[in-house]
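Asker: One structure is given below, represented as structure tokens, and several questions about it will come after.
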Amino acid sequence: MEKKKMIGLIFFIIALVIVIINLVVIYPLNFCSFAPLVFWLIALLSIVGGVIFYFNIKIMHSEELKA
């Protein structure tokens, strides 16, 4: 398996763990109003990073790379 696909899978696993922590720990013990939002933001960023790495999506296209 390619290195980028492995990194993408690691990001997916991190996102899954963060979602589980958010649902099991953070919501029942909601001491701070913005804590669940921060965990959802981290999970969303992990999912986006996982998709970018797993499917090898190129975000920035440069003319220098084509030369």
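The values are calculated or read from the model by the stated rules, or taken from the named source; none is laboratory data. The model shown is predicted, which means the values in this text are computed figures rather than measured ones. Every residue, glycine among them, receives a Cβ derived from its backbone with ideal geometry; neighbour counts consider all protein chains shown.
Asker: Considering only residues of segment 36-67 that are under 17 Å from the mean Cα position of the chain (by Cα) and modelled with pLDDT under 85, which is farthest from Ile7 (Cα to Cα)?
Answerer: Going through segment 36-67, the residues under 17 Å from the mean Cα position of the chain (by Cα) turn out to be 36-59.
From what is left, the residues that are modelled with pLDDT under 85 are 36, 57-59.
Details: Pro36: 25, Ile57: 13, Lys58: 15, Ile59: 17 Å.
If we take residues in segment 36-67 being under 17 Å from the mean Cα position of the chain (by Cα) and modelled with pLDDT under 85, then Pro36 is farthest from Ile7 (Cα to Cα).
Asker: Check Ala15 against each of (1) without any contact (Cβ under 8 Å) to a residue 24 or more places away in the chain; (2) surrounded by 14 or more Cβ atoms within 10 Å (Cβ to Cβ) and name the one condition it does not meet.
Answerer: Going through the list (1) without any contact (Cβ under 8 Å) to a residue 24 or more places away in the chain; (2) surrounded by 14 or more Cβ atoms within 10 Å (Cβ to Cβ), Ala15 breaks only (1).
Asker: Restricting to segment 1-21, count the residues that are touching a helix residue (DSSP H, G or I) at 6+ places or on another chain (Cβ under 8 Å) and among the charged types (D, E, K, R).
Answerer: 2
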